[in-house]
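The values are calculated or read from the model by the stated rules, or taken from the named source; none is laboratory data. Quantities reported herein were computed from a predicted structural model and do not represent experimental measurements. Cβ coordinates were reconstructed from backbone atoms using ideal geometry, including for glycine residues, and neighbour counts include every protein chain displayed.
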Amino acid sequence: MTPPKGARGERKREQLRQAAYRCFRDSGYHDTTVDAICQRAGSSKGSFYWHYGSKQEVFIDILETWTRQIMDEIDEQFERSVHEDDYISAVTGALENELRRGRVIIPLWMEFTMMARREKEVQLALAKFYRRARLAIAEILRPFWGDKLTESELRGVSATIFGAYTGLVMQELSDPEQADAHEVIERVMNTLGWWFHKLREAHELTGRPMNHRREPQGDPEGEGGVVLAKQGQRLDEAEVADFLSGFEPLVVEQTEALRSLVHQHAGDLDERIISGWRVIAYQTDRLVCYIKPRPEALHFGFYQGARLEDPGGVLQGAGRRQRHMVLSLEAPLPAEQIESFLRACRAL
């Protein structure tokens, strides 16, 4: 039977999912019954089986919901951190901020892992979660280290950071007196920081910049020898379509309109997708701005936004560097305002 669509159906499904999560957290998967979930949710068994075919199905739905929701929060936490002047310290702080959540959900992760040895569907859901986590960290590091490391090395660093975090939280749960995760996370990140700084020094000695801009292909001169304005690299439209494939048509339409404005007023910027951040980013030798589609609105962000004049209080965000505009999906884009911010951001 197909679960009911719409806001009411999703609210009931969320209610059952939250109740199941609390039951699994408190009693474990095997000692939790459908009756216990229904009692905690204040729902009937008929309602449960309308939304879920089994206890295992709601168990997997919890993990897939984490994949969508929790990783979004972690991405934003790390996205803010990596743009700080001392981003190793900032990423360390972001990991430490996640310890509270980790202490709650790691025990359930461990049960997921044990189940994955026997249940193929659980194994696939868990693998998807871990792949997404590693990819998110790799993409956060890519703008700064993507031209210094091979793809294998970048993914190795990402796996090391994520593995250190999960392993340290597990150790702290088992040995709270001796295994202080806060302290060990600092040690791990300090070690990585030393390695990063050595790599930076090596590239500075060779005279290579930290970020290499790819020069656009083609003849810089048009017909008659007239020098044309340099145009940045554009994304292939198939890449953009794939990136936006999970969004409603209104989000896609507004994103395309915003891309056109950026191309019009800052056409020399290179356009790229940073998949871990789920943004379309624009850069020269540094990151300049980004478009982050969301189901309810677009975020148009500026990496140096905190330095922009904003007398109208349009820009949002509390980080040391980034600020963003929230653009409605149903109203025309404020073209003049966007152009003004772009021009000011480019002048910094």
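Listing for the model above:
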{"read-out": "Pairs where the first residue, in segment 148-167, is within 10 Å of residue 138 (Cβ to Cβ) and in a helix (DSSP H, G or I) and the second is modelled with pLDDT of 80 or more and not aromatic (Phe, Trp, Tyr), C-beta under 7 Å, 6+ apart", "value": "155/134; 158/134; 159/134; 162/134"}
{"read-out": "So residue 163, is it under 19 Å from residue 131 (Cα atoms), out of contact with any His (no Cβ under 9 Å at 6 or more places or on another chain) and either assigned by TED's automatic domain parsing to the domain that holds residue 288 or modelled with pLDDT under 75 (or both)", "value": "no"}
